[in-house]
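Data block below; observations after.
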Ligand SMILES: Cc1cc2nc3c(=O)[nH]c(=O)nc-3n(C[C@H](O)[C@H](O)[C@H](O)COP(=O)(O)O)c2cc1C
Ligand code: SF4
Ligand code: SF4
Ligand code: SF4
Ligand code: FES
């Protein structure tokens with residue numbers, strides 16, 4: 001095949017390595033600071049500035065400041081990593097200027113980690129070695145006793161007490177293949193970055209004896225190469241929030257500098273593209289993506305391979321030659337790429353477009369932002385491969401204007417790719433031409449819908465149109481167009497590099513790979529969670545997310561944003577993938593996952609989403625425009641105490657009507673949050689309309705505040721804080737609320753330290 | 001550029017005056033690309049980032065220079081929430097009312113700001129310092145509730161912090 005592609009790729013990769021070598025990053029102490037919208041919001045710029053000052057003052061050239069994106073550990077940001085060669089990497093949480101100062105003077109200069117502020121700490125001491133073991137139940141060793149037990153026993157027999165060696169059970173490393181599963185176990189020894197594959201106790205003994213005691217890695221048992229999440233685990237494997245995840249789409253988040261193409265090359269960047277261009281066969285790519293069972297991550301879950309196939313086969317109206325024939329006729333021969341030349345009469349127009357949907361409209365999802373800010377080149381590489389597969393020479397990034405930093409990072413990534421010859425004419429000498437352009441959204445949720453998005457790129461109002469024809473037949477400027485989500489593209493390089501079989505095996509039966517969830521709301525650890533398709537809600541919410549914050553009780557899990565529904569707490573063992581969530585009356589959507597606790601009123605949540613949909617309805621079709629308005633009116637009536645039992649029937653009828661009769665996905669799904677809460681929480685609706693009571697004490701019109709004279713000590717704090725001064729009482733005497741003036745702001749309830757104010 | 005109007009030169013000159021050189025350049029570059037009309041939204045973004053909002057005169061000028069019907073420009077500007085058709089204060093306060101922020105009490109933050117400034121959604125404070133708007137998720141849900149003032153994001157805001165936060169920007173405005 002075209003070895004020229006491989007040669008060119010290797011030349012670029014070597015050039016990148018050479019540049020990195022000149023920076024001599026390997027033997028330096030690295031201080032790593034996150035730079036992303038969330039990191040900045042938490043104060044990481046101040047932290048970076050503080051380190052810069054210290055570094056300049058210290059005058060040391062063996063210390064390096066390294067920028068990364070975000071790891072997706074939102075509630076603990078800013079996160080700072082200190083990597084001293086030969087020692088365990090240490091991550092600090094919630095770093096501010098003061099702590100940065102301590103980290104620099106104590107840890108970096110004097111070698112004493114600031115143990116009280118270690119991520120998820122404090123810890124008493126850092127272990128000399130850390131052993132990460134794969135905790136997957138599917139693969140892994142099938143000895144008579146669990147691997148972890150055997151390992152613990154052998155370690156103590158070898159005199160390696162807990163302080164020396166710390167064992168961490170992680171989730172799947174992605175290191176097994178179908179043939180070997182069940183016969184081996186994998187373990188990673190840190191900080192040496194050695195991954196072993198062991199099959200029996202003798203091999204384990206050897207590793208303990210030679211490596212842990214003797215300090216000589218056992219090359220014979222070492223895994224060649226690296227697993228997909230390897231780089232990430234080397235840095236973050238000790239943290240429970242991370243090691244229970246399987247990072248594929250997010251594998252570089254928090255590892256690489258998003259603005260450095262050299263680092264991206266270092267982590268095998270563009271290898272997938274080189275492989276694809278070397279094979280020079282769009283059919284191969286499409287087949288591989290199809291076999292991987294990759295399904296669109298934008299919400300619908302449409303098989304990506306199939307979409308690409310349709311995009312490749314489609315012909316512009318009026319010019320197609322021979323229907324249904326699969327014709328990657330673009331490649332007339334080795335190295336010659338000839339768009340427009342197609343077997344048939346005359347020159348068929350093979351113009352087609354590829355679009356990355358980075359509109360991220362679900363108001364509670366942020367995985368796409370994180371990927372674009374932390375690993376933009378991976379998304380760009382996925383798009384170039386997609387462009388090749390469908391035969392497009394032009395692609396677009398449709399990004400929401402609310403993400404200025406993501407926009408800057410994509411701009412930078414595109415610029416770098418052009419400079420390195422990875423976008424533009426004759427990419428890697430393959431003859432394939434492809435370029436990318438950014439188009440900004442302007443704050444309309446409906447523009448996430450494919451046909452509306454196309455109108456928006458065309459410079460029109462973003463209103464949907466009737467489908468079919470689907471964009472794959474007739475899209476942007478009337479040409480066949482394939483639209484995929486950011487996360488979909490982010491998975492493409494993984495499929496090409498690690499193989500379709502491997503990818504399919506990670507996921508559930510019908511969907512391959514992982515899914516990234518944006519975990520937020522009333523959960524202890526908010527952030528990005530990437531787990532295999534089919535992982536249970538329990539793993540995501542409890543094991544990784546740490547359960548509900550503040551010891552409150554889990555009530556529901558909202559998935560799919562305004563198009564999704566609420567899954568009751570009892571269903572926590574539900575495995576999550578596209579199909580199971582649909583069956584539960586919700587949808588996967590883009591992966592927003594909002595945790596609701598006992599203080600959340602389900603009617604209020606339903607109203608919240610309906611307010612959103614009503615506001616965002618483009619008004620083109622009546623069922624959606626009128627339906628959302630009517631439903632919102634009814635929900636407002638119910639939450640303000642004027643609802644009747646008939647209203648519940650009306651909601652249901654209207655909802656079902658909208659589902660059937662609306663033109664686009666927005667209207668069709670807008671009733672989902674209401675229908676799903678009506679089904680699972682009918683008692684709560686009934687309490688509102690029959691007893692005029694809000695069980696969660698959320699709906700203002702249905703609650704009031706009272707002071708318990710038994711508990712009130714007369715401290716006067718509430719009276720001084722009441723904005724309408726409707727609380728009376730002498731100092732040291734029980735106080736009283738004048739209900740006729742109270743505006744139910746809840747201030748008294750919050751400030752009373754004696755739990756004397758009751759919300760009823 | 002077509003000159004179907006008798007006084008095109010005057011019209012063109014006036015439009016260029018209204019928008020200023022950088023935007024006129026931007027429009028000219030856009031016009032040289034394939035599908036120039038598709039650059040309308042990008043042009044409106046440019047205008048808004050320079051003037052803070054889209055005045056009628058701006059929209060007219062854009063229509064003239066891009067040679068698209070004024071009705072279309074007005075329609076597009078009005079369709080998208082991101083475009084502001086009224087002048088804004090010195091600082092934009094965007095209270096996130098996305099789902100994560102909502103369940104973490106964004107309403108109470110907004111209420112406090114509304115009380116403090118005596119304005120409601122979409123309005124500008126009398127002293128011209130603040131304009132209050134609601135945002136649908138700023139992508140930092142992990143730090144909810146979130147308030148963005150101009151480009152700066154403030155996470156885990158409590159109602160009690162609001163006065164001090166506003167004061168910080170008032171001070172900046174006075175400088
Ligand atoms: C109202 C509405 C909003 C949508 N918003 C988004 C979005 O923000 N991001 C996205 O990728 N897909 C969104 N979608 C789905 C897209 O229309 C489309 O199915 C998706 O981008 C296809 O990519 P995929 O196959 O990779 O998932 C939305 C759909 C509807 C109906
Ligand atoms: S369903 Fe709603 S958003 Fe979709 S076209 Fe109709 S009115 Fe517009
Ligand atoms: S704050 Fe509580 S204890 Fe104090 S006066 Fe009010 S109700 Fe009584
Ligand atoms: S709820 Fe608000 S208005 Fe009512 S008594 Fe308490 S502080 Fe005063
Ligand atoms: S919901 Fe407020 S930042 Fe996402």
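A short reminder: the numbers here are calculations on the coordinates, not readings from a lab. If you're wondering where the values come from, they're calculated on a predicted model, not measured in any experiment. FYI the Cβ positions are ideal-geometry reconstructions off the backbone, even for glycines, and counts take in every protein chain you see.
Rounded to the nearest 5, the antiparallel percentage of DSSP beta bridges internal to the protein assembly as shown is 55%. Cβ crowding within 10 Å, taken as a proxy for footprinting-reagent exposure, orders A:117, A:268 from fewest neighbours to most as A:268, A:117.
Peptide B:92-105 has a mean of 6 when you count, residue by residue, the C-beta atoms of other protein chains within 10 Å of its C-beta. Site pair residue B:111 and residue A:145 shows an inter-label distance of 6.0 nm when each label is modelled 7 Å from Cα along Cα→Cβ. Counts of other chain beta carbons within 10 angstrom of each beta carbon in peptide B:32-42 average 4. Full extension of the chain between residue A:268 and residue A:46 yields a length gain of 76.7 nm, computed as 0.36 nm times the residue separation minus the alpha carbon distance.
Once C-alpha pairs closer than 8 Å and six or more residues apart are averaged by separation and normalised to the residue number of region A:487-579, the relative contact order reads 22 percent. With each label modelled as a point 7 angstrom along the Cα→C-beta vector, the residue A:115-residue B:28 pair spans 6.8 nm. Rounded, prolate or oblate: pick one for region A:601-699, where a ≥ b ≥ c are the square roots of the eigenvalues of its C-alpha gyration tensor, a/c under 1.5 means rounded, and failing that, prolate if a/b is larger than b/c, else oblate. Taking the square roots of the gyration eigenvalues as a ≥ b ≥ c, region A:601-699 is prolate. With a Förster radius of 41 Å applied to the beta-carbon distance between residue A:65 and residue A:570, the computed FRET efficiency rounds to 0.25.
Within region A:199-265, the ratio Rg/Rh, alpha carbon atoms throughout and Rh by Kirkwood, equals 1.09. Cβ-Cβ distance of residue A:649 and residue B:173, R₀ of 60 Å, FRET efficiency by 1/(1 + (r/R0)^6): the value works out to about 0.65. Label-to-label distance for residue B:16 and residue A:693 is 7.4 nm, based on points extended 7 Å past Cα in the beta-carbon direction.
Listed by Cβ neighbour count within 10 Å, with the fewest neighbours leading, A:526, A:472, A:629 appear as A:629, A:472, A:526. Here the relative contact order of region A:44-122, from alpha carbon pairs under 8 Å that lie six or more residues apart, stands at 30 percent. Per residue, the average separation of C-alpha pairs within less than 8 Å and at least 6 apart gives chain A a relative contact order of 10 percent.
Across peptide A:37-47, the average count of Cβ atoms from other chains found within 10 Å of a residue's Cβ is 4. Name the shape class, rounded, prolate or oblate, that the alpha-carbon gyration tensor gives for chain A, where a ≥ b ≥ c are the square roots of its eigenvalues, rounded holds for a/c under 1.5, and otherwise prolate holds if a/b is larger than b/c and oblate otherwise. Oblate.
Counting neighbouring Cβ atoms within 10 Å and putting the fewest first, the residues A:515, A:307, B:171, A:501 line up as B:171, A:501, A:307, A:515. Axis of helix B:70-79 versus longest Cα principal axis of chain B: the two differ by about 20°, to the nearest ten degrees. The C-alpha atoms of chain B define a longest principal axis, and helix B:162-174 lies at about 40 degrees to it. A prolate overall shape is assigned to region B:91-174, the ratio a/c of its alpha-carbon gyration tensor axes (a ≥ b ≥ c) being 1.5 or greater and a/b exceeding b/c.
Here the extension length gained between residue A:582 and residue A:759 equals 60.0 nm, from 0.36 nm per residue of separation less the Cα-Cα distance.
What FRET efficiency would be calculated for the residue pair residue A:24, residue B:53, taking the C-beta separation as r and a Förster radius of 60 Å, to the nearest 0.05? About 0.75, to the nearest 0.05.
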